[in-house]
Each structure stands twice: as structure tokens, then as C-alpha cells.
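Structure, as C-alpha cells:
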Amino acid sequence: MFSNIKPRIFVLGGYGRLGQRLYDFFHDTCYDISILSVDALDAFISNELPFCDCQTIVFINCVGDYRTPNSYYASNFYLPVHVFSLLNTVSSRHNLFFYHISSVGSLSPYSTFNLNPLRFNHLSRSQIFNLYELSKRCSDTALRFMHSLSPSVSVTVIQPSVLIFDPLHKSKLFFFVKLLFLLFPFSLKNLVSPPITYVCSIPEYIFNDIARISSFSTERGFFYEVALFSRFSIASFPFLQLLDSFKPRLSAKFCVRLQSFIKRLPSNNPVSRFLVFVFVL
């Protein structure tokens, strides 16, 4: 029975930082996991996957590019859609589960000012994306649409926030957050709690989800979008927490006005985005 058999796992982008963490996690938990190169993808799914002796197969796509705009289309949009299309061609032979690592940027947080599921339709005019976020939104939307037409492959789109690979105190982003706590003359304890994603939480989520699926062998053909993050706490930095406790608190009215002012700043300016990330999201 499916619930007694561990699925076979394949990771795309397994040599990147996130992919390597995923591989190590599942390898250490005694899963049968392999790294699949993008170059070998088509031949493997078409010629080898149909003859795989494991009934349940999990694909995890960690391929993504946020540094090279010329690669956004191929890495962030085309590849996940292509993988889903290929898996559909062999879905009658296996229980297939596809996990795609996207981004909370796909939710247009710098125009909605929240991380709720994006309610988007062809009449919407208010969403604001940069090119990276747009490539992620396009792939998430395309996967949802394609799945609605052919729901034989189960899809989970994971949308992490800023990934924290190292201890938080080594993060470049949080160097500026710490600087803000040091220099700001008022207490920020109840005002600043930006969303972050510790990289370990992604394999942990997938691990728990696979265990859940394994206990309900009939569950198949679903589509989920999951915004995966936790909140930064000043308690992570005891010295800053102590310093902050001596500062005067801002009134609730002033905090609302500050957030309203930040929301009116140009949305694609890096400084504006940092302020939205820190004070609003």
C-alpha cells in the first residue's frame, strides 16, 4: 500500500544552495532522492520515468534566477511550466507530485501591502511587479491554469520570503535591519516584524507534506499555493532588544501615519521596497 512505501524524489536545481539543502535533508532522512539535471530532464521523463518501479514520485523544482534578468523567462517561467507538461504525459503510470519553489514576490506585496493570496483577474490594474516577481507570477498563474485543464499531477507552489541560509546575524539584509534598530530614536519592537524564510523550513514543509500525502493515498490532483515564512523578532538579537527597551514608544496613530507614508513612496525604488518590507509587510 502507498502509505507504507516512501516515494522516489527527484530534485531539479539540486546543485544550487537551496537544492543542496533539500538533497541533504532528504538523504539524511533515508529517502531515495536523486539530483536531475535540466539537460537530462526531457529524456529522463520521456524514456526512463515510465519504467520506474516506484508508484509515487515527487519532483521538486529549485531552479530559479533572481540576479540575471535575461534568464528570468527561461528559469522562472518556462522551465516549471515545461516540467508540468512533461509530467502530464506520464501521469497515468504513477502518482506524481510536483513542488515548485516560487516567491512571495508572486503575490505583489509591494502593491497589496500584504502576503495574502493574490486575487487577480483580467480586469486588475493595481498589481505592481518588478521583472523577477512578474516571472514568478506568470509561472504560478500558468501552472494553476494548466492544472485546471489537466489535474492528474498534484502541484504545490511554495512561496518563500527572503531566504535565510546562514545564521540571521550573518545576513546582509539584516545588517541594515540591525542598523535601523540602532539608529532609530524610538522603539521598533512592535512595529518591525518583516517576513523571512529560514531555508530549513522548506524541506521540513515538503517532508511533512509527503508524510500527510502518504497517509491519505487517495488524495491526488490538488493544486496548492503556500506562502511559507515566519516573522522576524528582535529577540533574535538580545543586545538590540535591551537597547530598544530603553527607547520611547511611538503612538499607534503615528505608526499608522508612518505606514501610510511609506505606502505612497515609489513602489520600484529599492529603498522604498526595503521600508515596505520592514515596516509594512
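Checking the structure you have, find out if any residue of segment 62-69 is out of contact with any strand residue (DSSP E or B) (no Cβ under 8 Å at 6 or more places or on another chain), among the small types (Gly, Ala, Ser) and at pLDDT below 85.
Taking segment 62-69 and keeping what is out of contact with any strand residue (DSSP E or B) (no Cβ under 8 Å at 6 or more places or on another chain), we get 65-69.
Imposing the further condition that a residue be among the small types (Gly, Ala, Ser) reduces the set to none.
The answer is no; no qualifying residue exists.
For residue 210, are the conditions met, namely being touching a residue at least 60 places away in the same chain (Cβ under 8 Å) and buried (at least 17 other Cβ atoms within 10 Å of the Cβ)? Break it down into steps so the answer makes sense when it comes.
Numbers: touching a residue at least 60 places away in the same chain (Cβ under 8 Å): yes; buried (at least 17 other Cβ atoms within 10 Å of the Cβ): yes.
In short, yes.
Inspect all residues belonging to segment 186-209 and state whether any of them is farther than 30 Å from residue 151 by Cβ, charged (D, E, K, R) and touching a Ser or Thr at 6+ places or on another chain (Cβ under 7 Å).
no
Here is a check on your reading of the model: is residue 244 outside the structural domain of residue 274 (by TED's automatic domain parsing) and either part of a helix (DSSP H, G or I) or at pLDDT below 80 (or both)?
When the stated conditions are applied, residue 244 does not pass them.
Out of (1) under 21 Å from residue 151 (Cβ atoms); (2) touching a Phe, Trp or Tyr at 6+ places or on another chain (Cβ under 6 Å); (3) of a type in the set (S, T, N, Q), what's the single condition that is false for residue 34?
(1)
What are the pairs, 6+ residues apart or on separate chains, where a residue within segment 149-168 that is part of a strand (DSSP E or B) has its Cβ under 7 Å from a residue that is among the charged types (D, E, K, R)?
Between residues of segment 149-168 that are part of a strand (DSSP E or B) and residues that are among the charged types (D, E, K, R), the close pairs are 154/220; 156/209; 157/140; 157/225; 159/225.
Residues are listed down the side, and each one gets a yes or a no for (1) at pLDDT below 80; (2) of a type in the set (D, E, K, R); (3) at negative phi:
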site: 173; (1), (2), (3): yes, no, yes
site: 193; (1), (2), (3): no, no, yes
site: 200; (1), (2), (3): no, no, yes
site: 207; (1), (2), (3): no, no, yes
site: 225; (1), (2), (3): no, yes, yes
site: 228; (1), (2), (3): no, no, yes
site: 231; (1), (2), (3): no, yes, yes
site: 256; (1), (2), (3): no, no, yes
site: 272; (1), (2), (3): no, no, yes
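Could you grab me the full set of residues in segment 233-257 that are among the aliphatic types (A, V, I, L, M), touching a residue at least 60 places away in the same chain (Cβ under 8 Å) and either farther than 12 Å from residue 189 by Cβ or surrounded by 15 or more Cβ atoms within 10 Å (Cβ to Cβ) (or both)? First the steps, then the outcome.
Of the residues in segment 233-257, the ones among the aliphatic types (A, V, I, L, M) are 234-235, 240, 242-243, 250, 252, 256.
Those left that are additionally touching a residue at least 60 places away in the same chain (Cβ under 8 Å): 240, 243, 250.
Passing the criteria: 240, 250.
Taking residue 66 as the residue in question, decide whether it is touching a residue at least 40 places away in the same chain (Cβ under 8 Å), crowded, with 21+ Cβ neighbours inside 10 Å and aromatic (Phe, Trp, Tyr). Break it down into steps so the answer makes sense when it comes.
Values: touching a residue at least 40 places away in the same chain (Cβ under 8 Å): yes; crowded, with 21+ Cβ neighbours inside 10 Å: no; aromatic (Phe, Trp, Tyr): yes.
Judged against the criteria, residue 66 is not a match.
The values are calculated or read from the model by the stated rules, or taken from the named source; none is laboratory data. Fair warning: this is a prediction, and the values are worked out from it, not measured in the lab. Backbone-built Cβ (ideal geometry, glycine too); neighbour counts: all protein chains shown.
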